[in-house]
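Worksheet: the structure to be examined is printed underneath.
The values are calculated or read from the model by the stated rules, or taken from the named source; none is laboratory data. Predicted, not measured: the structure shown is a model, and the values here were computed from it. Methodologically, a virtual Cβ is constructed for each residue, glycine included, from the backbone with ideal geometry; neighbour enumeration extends over all protein chains shown. The accessibility values were calculated without ligands, DNA or RNA, using every heavy atom of the protein model including side chains. Shrake-Rupley method; radii C 1.70, N 1.55, O 1.52, S 1.80 Å.
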Amino acid sequence: MRQLTALDAQFLHAESPTTAVHVAGLAILDPSTCRTGTGPGPGTGTVTRDGLIALLRQRVHLSPALCMRLADVPLSLDHPYWVHDTELDVAAHVYESTLPAPGGQRELADLVAQIHERRLDRSRPLWEIHLIHGLAGGRVAVYTKVHHSVIDGVTGAETLAALLDLSPKPRTVDPPGPPEAPEAEPDRVAMLAEAVVRTATHPVRALRSLTRAAADLDAIPLASSLPGARFIARATRLLSGHDREVPELPDLSAPRTPLDGVISGERRFSYGSLPLAEVKRVAKAFGLSVNDVVMTLCSSALRAWLRDRDALPDQPLIAAVPVAVRKAACDDAVGNSLSAMITPLATDVACPRERLAAVGENMRTAKRRFATAPATWLSELTALLPAPILNLATPAMFRLAASAAPAVNLIVSNVPGPQFPLYLCGARVLAYHPISALSDVTGGVNITCFSYNGSLDFGVLACPTRMDDVWELLAHLRDAMEELSALVPVAVPVSEPTAAQPTAQPTVQPAVQPTARPSAPEPSVPQPVAQRHTPVRPVPDVVGTPVPVGATPLPLDVPDLSELSDLREPVPA
């Protein structure tokens with residue numbers, strides 16, 4: 001039995017009728033690679049619900065996050081506890097549905113958005129898997145969601161590794177060891193006694209958290225714009241013995257845009273892919289990282305979307321970039337250990353070349369700051385309030401903050417994945433589109449991408465009251481890629497595939513091509529040296545395993561699938 005941290009509990013308390021705080025993934029599968037009789041269940045040559053259930057029963061013990069349920073403290077006087085669910089029935093967590101004709105991208109995206117709107121049942125382990133049939137071309141999709149209180153980037157990667165294989169033939173997995181003595185149900189009197197003690201000692205812990213958070217005051221959204229924030233942060237660092245010089249951060253005040261404010265409970269989703277080799281080509285040409293190019297793509301797409309609506313602010317949009325900070329020696333298999341870098345997106349820069357340079361410089365500053373003084377303010381702020389107040393006040397505080405001023409305009413996540421094909425129940429994973437969460441304080445749109453087997457797979461989630469056409473933003477991402485590609489001299493080669501990457505990619509026929517409304521030409525665009533057409537590949541409907549908002553480069557100790565260590569995301573470099 002392990003108690004949730006204040007950060008884990010915050011993900012629970014943030015939920016409301018308009019906010020569901022789970023992370024998800026949509027994987028598109030090619031079932032033609034299934035080998036009859038080789039799967040975990042009866043051989044059918046396709047992906048079935050029974051086969052998926054059999055796989056989960058064989059491997060669920062490899063992912064403790066899927067086996068835990070919540071145990072609430074009476075009267076919500078303290079944070080809940082995680083307890084092992086001895087009566088777990090994986091079949092009750094696996095659903096099956098069929099798309100309406102023609103089974104294209106938009107039909108799949110609409111169904112996924114409906115599923116993503118629904119909150120998870122807290123009386124059982126907080127996860128679901130949906131097997132979706134009826135996709136064009138005979139493909140199938142798997143959508144998986146797990147509550148964010150359960151997993152971060154590291155534990156999400158371990159869950160992903162537990163279910164996937166390196167070939168169509170599922171690997172042999174050692175069965176779980178002898179069953180341990182059943183975990184006793186938490187004693188309610190003992191939980192109440194512990195809650196009383198923690199409540200009495202909370203002021204001491206809150207003072208420590210306040211001191212640590214003050215050292216990052218110039219990096220905290222909203223707080224960084226307060227008078228004297230930089231001086232207070234610098235003084236706190238000196239008084240606490242941190243005499244190492246840290247980079248000064250740019251202005252982190254988020255402008256008000258149509259994307260900001262109170263959200264509704266509805267969601268819209270779009271997904272698509274860009275060629276990873278072309279992204280790397282741009283990064284190589286300008287001496288930047290892949291993550292810098294991804295952030296620039298998002299900056300350009302958001303700039304175009306806002307400009308089309310005469311809503312482009314003079315200030316740059318502010319993005320939060322989640323980063324997992326779990327230590328390699330940490331044994332916790334459930335819960336979160338993450339922070340965030342806050343950075344301007346340079347949406348106020350008209351020239352694409354200058355915008356790319358500005359984003360690169362902003363990201364370098366944020367990464368240098370994170371490297372010299374890793375931000376812990378996210379965990380520290382959630383620990384300031386006692387558990388009963390945090391439980392009751394979080395939704396109201398979020399809505400009040402959203403009405404007053406935006407903390408950030410959106411969250412952008414880029415999760416590196418393996419550059420070789422993977423398989424689920426014998427079916428080849430063609431693409432994987434991560435899906436995150438929205439809240440009143442993080443903006444009405446979230447952009448997350450995952451690099452897999454030569455593609456950069458995007459998942460865009462939005463609230464329709466804040467973004468009326470989520471497919472249009474995806475089309476602007478395509479245009480942004482073409483714009484950056486046009487800046488690269490012909491002499492810069494496209495990156496060659498790695499040794500682990502297959503030379504031939506599976507042929508995937510587009511379903512519905514995203515369309516963009518006509519935009520006015522962007523001023524001050526330099527003449528391209530060479531034109532390269534880099535369309536967004538409408539991502540094949542992809543199977544999802546929960547890949548959360550951020551991930552770190554920690555070693556993934558999964559003996560049968562060690563190659564998946566690449567799923568850990570470094571502090572974006």
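In the complete set of protein chains, residue-level accessible area for ARG355 is approximately 0 Å², probe 1.4 angstrom. The residues of the range 397-500 expose on average 25 square angstrom of accessible surface per residue, using a 1.4 Å probe on protein heavy atoms. When all alpha carbon pairs of the range 228-363 are counted in 5 Å bins from zero, the resulting P(r) reads 2, 8, 13, 14, 18, 16, 14, 9, 5, 1, 0 %. Surface calculation, 1.4 Å probe, protein heavy atoms: HIS133 sits at approximately 40 Å² accessible. Computed from backbone phi with θ = phi - 60° and the Karplus coefficients 6.51, -1.76 and 1.60, the 3J(HN,Hα) list for the range 146-151 is 9, 5, 5, 5, 8, 10 Hz; x is used for glycine and proline. When the alpha-carbon atoms of the range 123-225 are used, the pair Rg, Dmax equals 22.5, 62 angstrom.
Using only side-chain charges placed at the Cβ, +1 for Lys and Arg and -1 for Asp and Glu, the dipole size of the range 324-446 relative to its Cα centre rounds to 320 debye. With each label modelled as a point 7 angstrom along the Cα→C-beta vector, the HIS242-ASP89 pair spans 5.0 nm. The largest-to-smallest principal axis extents of the Cα set in the range 326-444 are 47, 46, 32 Å.
Accessible surface for the range 242-365, divided over its residues, is 33 Å² per residue with a 1.4 Å probe.
Each of LEU384, THR365, PHE398 was scored by the projection of its Cα onto the charge dipole of the range 338-405, and the greatest displacement toward the positive side belongs to THR365; charges sit on the C-beta of Lys, Arg, Asp and Glu. Spin-label model, VAL204 to ARG118: label points 7 Å out along the Cα-to-beta-carbon direction sit 4.7 nm apart.
Please find the FRET efficiency linking ILE389 to ARG49, where r is the Cβ-Cβ separation and R0 is fixed at 35 Å, and quote it to the nearest 0.05.
Once the sixth-power term is evaluated, E becomes 0.20.
Dividing the convex hull volume of the alpha-carbon atoms in the range 165-227 by its residue count gives 258 Å³ per residue. With the whole protein complex present, MET363 retains an accessible surface near 0 Å², based on a 1.4 Å probe. Rolling a 1.4 angstrom probe over the range 221-358 with all protein chains present gives an accessible area of which 55% lies on carbon and sulfur atoms. Using the 1.4 Å probe convention, the accessible area of the range 55-152 works out to 36 Å² per residue with neighbouring protein chains retained.
Measure off, as a whole percent, the carbon and sulfur share of the 1.4 Å-probe accessible area of the range 1-134, all protein chains present.
That fraction is 50 percent.
Radius of gyration (Cα atoms) of the range 1-144, expressed as a multiple of 2.2 N^0.38 Å: 1.20. Short to long, the 10 Å bins of the Cα pair-distance histogram for the range 397-476 hold 17, 39, 27, 13, 4, 0 percent of all pairs. Rounded, prolate or oblate: which one fits the range 351-406, using the alpha carbon gyration tensor with axes a ≥ b ≥ c (rounded when a/c is under 1.5, else prolate when a/b beats b/c, else oblate)? Oblate is the answer for the range 351-406, as a/c is 1.5 or above yet b/c matches or exceeds a/b.
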